[in-house]
1. Within the stretch 236-257, work out how many residues are more than 12 Å from ligand 1 (Cβ to nearest atom) and outside any helix (DSSP H, G or I).
2. Which residue out of 69, 47, 111, 61 is part of a helix (DSSP H, G or I), charged (D, E, K, R) and either crowded, with 16+ Cβ neighbours inside 10 Å or outside the structural domain of residue 365 (by TED's automatic domain parsing) (or both)?
3. Since residue 186 meets every condition but one in (1) polar (S, T, N, Q); (2) out of contact with any strand residue (DSSP E or B) (no Cβ under 8 Å at 6 or more places or on another chain); (3) assigned to a strand (DSSP E or B), which condition does it not meet?
4. Given the criterion within 30 Å of residue 364 (Cβ to Cβ) and either within 16 Å of ligand 2 (Cβ to nearest atom) or surrounded by fewer than 24 Cβ atoms within 10 Å (Cβ to Cβ) (or both), identify the matching residue among 239, 206, 289.
5. Given the criteria farther than 30 Å from residue 301 by Cα and of a type outside the set (Asp, Glu), does residue 31 qualify?
6. Do any residues in the stretch 82-103 that are within 30 Å of residue 382 (Cα to Cα) and more than 11 Å from ligand 1 (Cβ to nearest atom) have Cβ atoms under 6 Å from those of residues that are polar (S, T, N, Q) and outside any helix (DSSP H, G or I), where the two are at least six apart or on different chains, and which pairs are they?
Amino acid sequence: MSSNYRLLVKNAKQVVLVCNNGEKYLTKHGMQNLCVIENGSVVIGGDGLIKAVGPAEAIWDRYSDASFDQVIDAAGMCVLPGLVDAHTHPVWAGDRVHEFAMKLAGATYMDVHRAGGGIHFTVEHTRAASPSDLLTSLRSRLVRMQRAGTTLVECKSGYGLELQTELKMLKVIEEARCILPINISSTYCGAHAVPKGKTVEEATDDILRVQLPRLKEQMSTGSLQVDNIDVFCEQGVFDLSSTRSILKAGKDMGLNINFHGDELHPMNSAQLGADLGALTISHLEEVNDEGIAAMAKAKTAAVLLPTTAYILRLPQPRARDMLEAGVIVALGSDFNPNAYCCSMPIVMHLACVNMKMSMSEALAAATINSAYSLGRSHTHGSLEVNKHGDLLVLNATRWEHLVYQLGGHQELIRYVVIKGNIV
Ligand code: NIG
Ligand code: FE
């Protein structure tokens with residue numbers, strides 16, 4: 001006979017709710033003042049949603065262990081919301097370990113790209129790969145992310161640059177969504193690079209006239225679920241005007257605008273995004289003050305990617321300036337063949353050391369604000385009643401160990417829970 005409740009996590013030394021007033025995002029003050037319960041418990045119902053969270057004695061009075069399918073005694077441990085990775089490119093074939101050596105020897109990201117490597121190298125291999133090979137590698141990458149504490153992840157297409165392969169990638173993401181417990185937000189990124197032999201105008205035309213209409217058709221029949229639209233807005237890739245028309249067409253189809261902007265050159269991508277009502281802009285290493293102000297005003301989330309700045313030795317994203325200006329700052333791993341990192345705890349660590357965020361700012365950025373950047377903060381990103389029962393149990397008496405420790409998190413993260421199931 002099944003019981004009423006799925007999981008009780010009891011007697012935790014700390015339960016970090018992150019926030020508890022139904023906030024959809026946090027800005028600087030809220031990020032610095034996270035909601036933490038000392039000696040707390042969390043109740044997750046049979047539907048996988050949080051039913052109660054509070055001081056252990058109060059939960060003890062209302063619920064008996066016998067009504068739960070599973071009970072975790074978290075004495076001496078900490079509970080946090082599952083981490084949300086706001087930006088990844090996890091579907092591809094062919095690694096680029098050889099390019100890492102080139103970059104260490106001084107080649108820039110765009111040197112490699114213009115020489116036909118980088119995204120183009122991955123496109124060639126991904127076009128040739130079978131859906132089942134792509135699914136196998138995607139699955140193992142997502143499991144690695146999950147083990148490092150990620151319970152909701154954004155996954156982009158973008159290594160096809162033509163209809164057939166872009167659809168193949170999106171379908172593989174869709175399959176992963178069905179077979180794995182990790183929550184997925186999927187992004188069409190057909191404008192990730194201009195295909196070899198085409199001009200920007202031709203590539204834009206193909207996206208507007210061929211790819212997006214077909215995507216729309218597949219979405220309307222329910223055979224594909226896509227949440228966001230992305231463009232790599234960059235010198236030598238998609239300029240402001242092509243970026244605008246692609247993003248606008250995606251928005252008209254009901255997709256959230258969530259794109260790469262102001263990464264390698266100042267492009268005024270932030271102003272463009274704010275003007276279009278973008279939910280999210282990623283990278284922003286080269287954003288200017290006007291762009292920051294426009295994003296704060298438009299409530300466009302800034303997804304900062306410390307691994308990319310680190311690996312490519314770029315200027316650090318201006319996290320402090322953004323926080324001071326009231327921007328909603330979120331974090332992502334940017335997992336891709338250039339930045340091979342599946343771990344949000346490492347991302348938070350880098351955000352603190354290199355971008356000068358505090359540990360509580362980094363945690364808010366990797367939970368409630370990343371969830372906001374995917375339009376999911378009403379259901380994910382904090383431990384609040386009626387949200388998904390997605391949480392981590394840390395084998396440490398203070399939650400900050402998740403950020404403080406650099407690597408080796410499999411030992412630290414004792415349990416990863418998604419919708420009340422230990423995964
Ligand atoms: O976010 N900048 C563009 N896109 C990715 C890199 C993708 C790749 O190099 O394969 C990024 O860093
Ligand atoms: Fe990216």
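1. Step one: list which residues in the stretch 236-257 are more than 12 Å from ligand 1 (Cβ to nearest atom), which gives 239-257.
Then keep just the ones that are outside any helix (DSSP H, G or I); that gives 239, 253-257.
Of the residues in that region, 6 qualify.
2. Exactly one of 69, 47, 111, 61 is part of a helix (DSSP H, G or I), charged (D, E, K, R) and either crowded, with 16+ Cβ neighbours inside 10 Å or outside the structural domain of residue 365 (by TED's automatic domain parsing) (or both), namely 61.
3. If we test residue 186 against (1) polar (S, T, N, Q); (2) out of contact with any strand residue (DSSP E or B) (no Cβ under 8 Å at 6 or more places or on another chain); (3) assigned to a strand (DSSP E or B), just (2) comes out false.
4. Just a single option satisfies the conditions, and that option is 289.
5. Working: farther than 30 Å from residue 301 by Cα: no; of a type outside the set (Asp, Glu): yes.
No, not satisfied.
6. Note: pairs meeting the criteria are 82/151; 83/150; 84/367; 85/150; 85/333.
Let's see how each residue does on (1) over 24 Å from residue 115 (Cα atoms); (2) away from ligand 2 (no atom under 16 Å from the Cβ); (3) in a loop (DSSP other than H, G, I, E, B):
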position	(1), (2), (3)
161	no, no, yes
174	yes, yes, no
178	yes, yes, no
223	yes, yes, yes
226	yes, yes, yes
274	yes, yes, no
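One line per residue, one yes/no per condition, for (1) farther than 18 Å from residue 332 by Cβ; (2) within 16 Å of ligand 1 (Cβ to nearest atom); (3) among the aliphatic types (A, V, I, L, M):
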{"position": "270", "(1), (2), (3)": "no, yes, yes"}
{"position": "276", "(1), (2), (3)": "yes, no, yes"}
{"position": "279", "(1), (2), (3)": "no, no, yes"}
{"position": "283", "(1), (2), (3)": "no, yes, no"}
{"position": "287", "(1), (2), (3)": "no, yes, yes"}
{"position": "293", "(1), (2), (3)": "yes, no, yes"}
{"position": "297", "(1), (2), (3)": "yes, no, no"}
{"position": "301", "(1), (2), (3)": "no, yes, yes"}
{"position": "305", "(1), (2), (3)": "no, yes, yes"}
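The values are calculated or read from the model by the stated rules, or taken from the named source; none is laboratory data. Being a predicted model, the structure only gives us computed values, none of them experimental. Using ideal geometry, Cβ is built from the backbone for each residue, glycine included, and neighbour counts are taken over all protein chains shown.
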